[in-house]
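Asks: Below is one structure. I have some questions about it.
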Amino acid sequence: MDTEQLSGRRVLVTGGSRGLGEATVRRFAAAGATVLAASRSEPPDDLPATFVPADLSTEEGAAHLAREVTERVGGIDILVDNAGAASAPASTLERPGSSWTADLEINLLSAVRLDQHLVPGMTERGDGVVVHVSSIASHFPRPGQTSYAAAKAALNAYSRALAAEVGPQGVRVVCVLPGFIPTPGALAHHREMAENRGVSLEQVHRDLATTLDVPMARPGTPEDAAELIAFLASARAGWLTGAQFRVDGGILPTV
């Protein structure tokens, strides 16, 4: 991507210290953007961004982050709501209410709260892009992840509604749905599986891709998703809003 597409744009990536968020930070920085990364965990030392510690599980945390980034750079042109996490697997009928609440807080309400603080600045300027990072689970929930999948499905609906409301003011809102992209935590588990089975990590990933019916027969990488996010935030995607974009290797619908 030509760096002129994103040069000078002020970007905030939540959950930006590792995994998909870290890759997104690096992609925007490589394209010439001014990037801020927000997360509860410390980023790597070489992350090309201004790091802002943040906990988006509460209204106070979202308000604090919004104040911090506004004071530092004056406002945000591109907001990537990437912060999210899944609670421990549990059967749908036995999942405790606290687990439902936790998944809704971090996977839906964290984005809603931050948008409420930062998107009005975009509408006032008549320009801006919001990227909500959802999940393929919102369409194809697997057993044990009902509350996470439901929260991401709600994020999809919220994203579409927000796009319709702010589009007339020149702000675009899109939703990215990653598929099987191992997180740092998952990779540690996959390496343990490989060691126990006496096979390579690549073989474990091929087997998992087969189990998940991924036609491309491999997991995605954080960079695969980051490339799509950067494109959608650029002027090249200037007429794309209110839509969902899957980056999932063509995963087939299985429940």
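Asks: For residue 102, are the conditions met, namely being out of contact with any strand residue (DSSP E or B) (no Cβ under 7 Å at 6 or more places or on another chain) and part of a helix (DSSP H, G or I)?
Replies: When the stated conditions are applied, residue 102 passes them.
Asks: Does residue 8 count as surrounded by fewer than 15 Cβ atoms within 10 Å (Cβ to Cβ), farther than 23 Å from residue 187 by Cβ, assigned by TED's automatic domain parsing to the domain that holds residue 133 and touching a residue at least 60 places away in the same chain (Cβ under 8 Å)?
Replies: Working: surrounded by fewer than 15 Cβ atoms within 10 Å (Cβ to Cβ): yes; farther than 23 Å from residue 187 by Cβ: yes; assigned by TED's automatic domain parsing to the domain that holds residue 133: yes; touching a residue at least 60 places away in the same chain (Cβ under 8 Å): no.
So residue 8 fails the test.
Asks: Does residue 81 qualify as being charged (D, E, K, R), closer than 23 Å to residue 226 by Cα and at pLDDT 95 or above?
Replies: yes
Asks: Could you identify the single residue in 213, 207, 248 that is modelled with pLDDT under 95, touching a Ser or Thr at 6+ places or on another chain (Cβ under 7 Å) and either not assigned by TED's automatic domain parsing to the domain that holds residue 91 or not aliphatic (A, V, I, L, M) (or both)?
Replies: Criteria check complete, one pass: 213.
Let's see how each residue does on (1) part of a strand (DSSP E or B); (2) surrounded by 15 or more Cβ atoms within 10 Å (Cβ to Cβ); (3) of a type in the set (Asp, Glu); (4) not assigned by TED's automatic domain parsing to the domain that holds residue 121:
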| position | (1), (2), (3), (4) |
| --- | --- |
| 22 | no, yes, yes, no |
| 28 | no, yes, no, no |
| 41 | no, no, no, no |
| 56 | no, yes, no, no |
| 64 | no, yes, no, no |
| 98 | no, no, no, no |
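Asks: Can you say whether residue 201 is in contact with a helix residue (DSSP H, G or I) (Cβ under 9 Å, 6 or more places away or on another chain), surrounded by 14 or more Cβ atoms within 10 Å (Cβ to Cβ), hydrophobic (A, V, I, L, M, F, W, C) and not assigned by TED's automatic domain parsing to the domain that holds residue 28, as far as the supplied structure shows?
Replies: Spelling it out, residue 201 is indeed in contact with a helix residue (DSSP H, G or I) (Cβ under 9 Å, 6 or more places away or on another chain), surrounded by 14 or more Cβ atoms within 10 Å (Cβ to Cβ), hydrophobic (A, V, I, L, M, F, W, C) and not assigned by TED's automatic domain parsing to the domain that holds residue 28.
Asks: Further, regarding this structure: Can you tell me which condition residue 48 does not meet? The list is (1) surrounded by fewer than 24 Cβ atoms within 10 Å (Cβ to Cβ); (2) touching a residue at least 60 places away in the same chain (Cβ under 8 Å), and all the others hold.
Replies: (2)
Asks: In the stretch 113-140, which residues are surrounded by fewer than 21 Cβ atoms within 10 Å (Cβ to Cβ) and either among the β-branched types (Val, Ile, Thr) or under 11 Å from the mean Cα position of the chain (by Cα) (or both)?
Replies: 119, 123 - these are the residues of the stretch 113-140 that are surrounded by fewer than 21 Cβ atoms within 10 Å (Cβ to Cβ) and either among the β-branched types (Val, Ile, Thr) or under 11 Å from the mean Cα position of the chain (by Cα) (or both).
Asks: Next up: Report every pair of residues separated by at least 6 positions or lying on different chains whose Cβ atoms are under 6 Å apart, first residue within the stretch 26-37 and at positive phi, second surrounded by fewer than 24 Cβ atoms within 10 Å (Cβ to Cβ) and of a type outside the set (D, E, K, R).
Replies: Qualifying pairs under 6 Å: 32/3; 32/7.
The values are calculated or read from the model by the stated rules, or taken from the named source; none is laboratory data. Everything numeric here is computed off the predicted structure, so don't read it as measured data. Heads up, the Cβs are rebuilt from the backbone with ideal geometry, glycines too, and the neighbour counts pull from every protein chain shown.
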